[in-house]
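What follows is a short report on a single structure.
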Amino acid sequence: MSEFTVVNPASEEIVAAVARTTAGETDAAIERAVIAQAAWRAVAPADRAGLLRAFAGAVDAHIEELAGLEVAGAGHPVGQARWEAGQVRDVLTYYSAAPERACGRQIPVAGGLDVTFAEPIGVVGLIVPWNFPMPILSWGMAPALAAGNTVIAKPAEMTPLTAIRIGELALEAGIPDGVFQVLPGKGSVVGQRLVDHPAVGKIVFTGSTEVGREIMAGCARRVKRVTLELGGKSANIVFADADLERAAATAPQAAFDNAGQDCCSRSRILVQRSVLEKFMELLEPAVKAVTVGDPASAATQMGPLISAAHRDRVASYVPDGAPVAFRGTAPDGPGHWYPPTVLAPVRMDDPAYTEEVFGPVVTVTPFEDEAAAVALANDTPYGLSGSIWTRDVGRAIRVARAVETGNLSVNSHSSVRYSTPFGGFKQSGLGRELGPDALDAFTEVKNVFIATEG
Ligand code: TAP
């Protein structure tokens, strides 16, 4: 049996060996999911809600264990990892209310009664990346289960441990066998099989735009439903009238959270030219103060990158002679470390400015006026996230409406709340996750007309 090893990115020590699921085992899991779905969709709404709440409770009772797995297997700082495990609990709790509120509509028509039902799609395949293994798993899993689907999750090969444990907790909480299965393995084997198999009705994919295009093409062959959450190159726009101290103090966290391995990273800071010098003076100490080190320490704000290959890729965006304005620190010795790095001034065609680096590298670019800021922010194939710093409410609203992106924060950097919709414009994705409407992405509307006249 083929196995892969999970490596601690901070120490380079082997954490676990995990068996790779084969294509044949994937097919068998899909067959189990099809059988389980017939029973799961028939579970009474209140009972399905109760099971999801029990699942949330089981996750809550294992927050420390799950966080520990993410610290060891993905290098996430422990405070962040605890929040991520808590998010799984919260997303399950939020969608546990859905089965009893999945109301259809009654539409006035002549000659009878017309009603709609939101029917589950069937089996949902969830393909998850390595950067946020727990939250991204939960964003698909919870609403899909609430809607009466069964779910097969394929975690990223490098970070399967928390998904595997969450799968065990589902069973312990009473979620029936076959309703939620976790298949660790290769994207090109397990992921591909989920895309190709006719009994999988929907794919939810989070990952690179490159692989997302292939997934979409694969789904198109069967007109399979698909939600895509892809890359980003988001702008943090700082106007001259902003609270510059706060904007500068929070910009490092917005760019370097999860060591910049964040699709929502505000990796392009755009600053109005009249305050550029002042902003850079304020940004430098904030970047140098980022605590980079042992993910197991509660004081750590930024951990290592996921792998040596990824660190090399990130470093390639900062070649010798790159315009490094200043940078923070990173430990020596084992581990895939890279220091928080600020590039300025950058050319408009510098790959560090145009491409998703997915590491702790941020560029700073000046702009003259509001129109120029919007034009720069939109000059990218992506449109996932972004921030606007200004004290002018009218400008905040104008710019928020003009920036082509799915998730914007004004005078803050928050982007993912489970109770609000999340997803991308342009090549950042297709469809929305989370929020009150997420069940729409996991159901088909059925219209039924019942004649009342002879
Ligand atoms: P990918 O290489 O695209 O991998 C994502 C997932 O797809 C992994 O589980 C991978 O499996 C699987 N996969 C790879 N090839 C496949 C195929 N041919 N068929 C089916 N599945 C396949 O991305 P990544 O490097 O892990 O993640 C980084 C990217 O994700 C970044 O671009 C980031 O912006 C994006 N991202 C977006 C969001 C949102 S919400 N928009 C959130 C997080 C990350 P393996 O285990 O074999 O790699």
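The values are calculated or read from the model by the stated rules, or taken from the named source; none is laboratory data. Model, not experiment: these values are computed from the prediction. Quick reminder, even Gly has a Cβ in these numbers, built from the backbone with ideal geometry, and neighbours come from all protein chains shown.
Values for this structure:
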| read-out | value |
| --- | --- |
| Lone unmet requirement of (1) assigned to a helix (DSSP H, G or I); (2) in contact with a helix residue (DSSP H, G or I) (Cβ under 9 Å, 6 or more places away or on another chain) for Ala396 | (2) |
| Residues within segment 194-209 that are surrounded by 23 or more Cβ atoms within 10 Å (Cβ to Cβ) and either in the same structural domain as Val364 (by TED's automatic domain parsing) or under 30 Å from Val364 (Cβ atoms) (or both), tallied | 1 |
| Filtered residue count, segment 210-234, keeping only those that are away from the ligand (no atom under 12 Å from the Cβ), of a type outside the set (A, V, I, L, M, F, W, C) and either surrounded by 20 or more Cβ atoms within 10 Å (Cβ to Cβ) or not in a loop (DSSP other than H, G, I, E, B) (or both) | 3 |
| Every pair of residues 6+ apart whose Cβ atoms lie under 9 Å, when the first sits in segment 130-155 and is under 16 Å from Gly178 (Cβ atoms) while the second is in a strand (DSSP E or B) and among the hydroxyl-bearing types (Ser, Thr, Tyr) | Ala144/Thr150; Gly148/Thr443; Asn149/Thr443 |
| Given (1) in contact with a helix residue (DSSP H, G or I) (Cβ under 7 Å, 6 or more places away or on another chain); (2) among the hydrophobic types (A, V, I, L, M, F, W, C); (3) more than 28 Å from Ala72 (Cβ to Cβ), number of the condition Ala298 does not satisfy | (3) |
| Residue list for segment 348-367, restricted to those being away from the ligand (no atom under 16 Å from the Cβ) and either over 25 Å from Ala286 (Cβ atoms) or under 23 Å from the mean Cα position of the chain (by Cα) (or both) | Met348, Asp349, Tyr353, Thr363 |
| Selection count where residues are surrounded by fewer than 17 Cβ atoms within 10 Å (Cβ to Cβ), assigned to a loop (DSSP other than H, G, I, E, B) and away from the ligand (no atom under 16 Å from the Cβ), scope segment 399-418 | 2 |
| Subset of segment 150-190 (residues that are within 19 Å of Glu214 (Cβ to Cβ) and of a type in the set (S, T, N, Q)) | Ser188 |
| Among residues of segment 224-238, those that are within 12 Å of Gly140 (Cβ to Cβ) and hydrophobic (A, V, I, L, M, F, W, C), counted | 2 |
| Checklist (1) crowded, with 23+ Cβ neighbours inside 10 Å; (2) under 15 Å from Pro360 (Cα atoms) applied to Gly293, failing item | (1) |
| Test: residue in segment 37-56 that is buried (at least 23 other Cβ atoms within 10 Å of the Cβ), in contact (Cβ under 8 Å) with a residue 24 or more places away in the chain and out of contact with any helix residue (DSSP H, G or I) (no Cβ under 9 Å at 6 or more places or on another chain) | yes |
| Residues of segment 243-259 that turn out to be more than 12 Å from Gly359 (Cβ to Cβ), crowded, with 23+ Cβ neighbours inside 10 Å and either hydroxyl-bearing (Ser, Thr, Tyr) or touching a Phe, Trp or Tyr at 6+ places or on another chain (Cβ under 8 Å) (or both), as a count | 2 |
| Residue check for Asp262: crowded, with 16+ Cβ neighbours inside 10 Å, charged (D, E, K, R), outside any helix (DSSP H, G or I) and within 16 Å of the ligand (Cβ to nearest atom) | yes |
| Answer from Thr22, Thr5 - the residue that is of a type outside the set (A, V, I, L, M, F, W, C) and loosely packed, with under 13 Cβ neighbours inside 10 Å | Thr5 |
| In segment 420-454, the residues that are among the aromatic types (Phe, Trp, Tyr) and either part of a helix (DSSP H, G or I) or in contact with a strand residue (DSSP E or B) (Cβ under 9 Å, 6 or more places away or on another chain) (or both) | Phe422, Phe442, Phe449 |
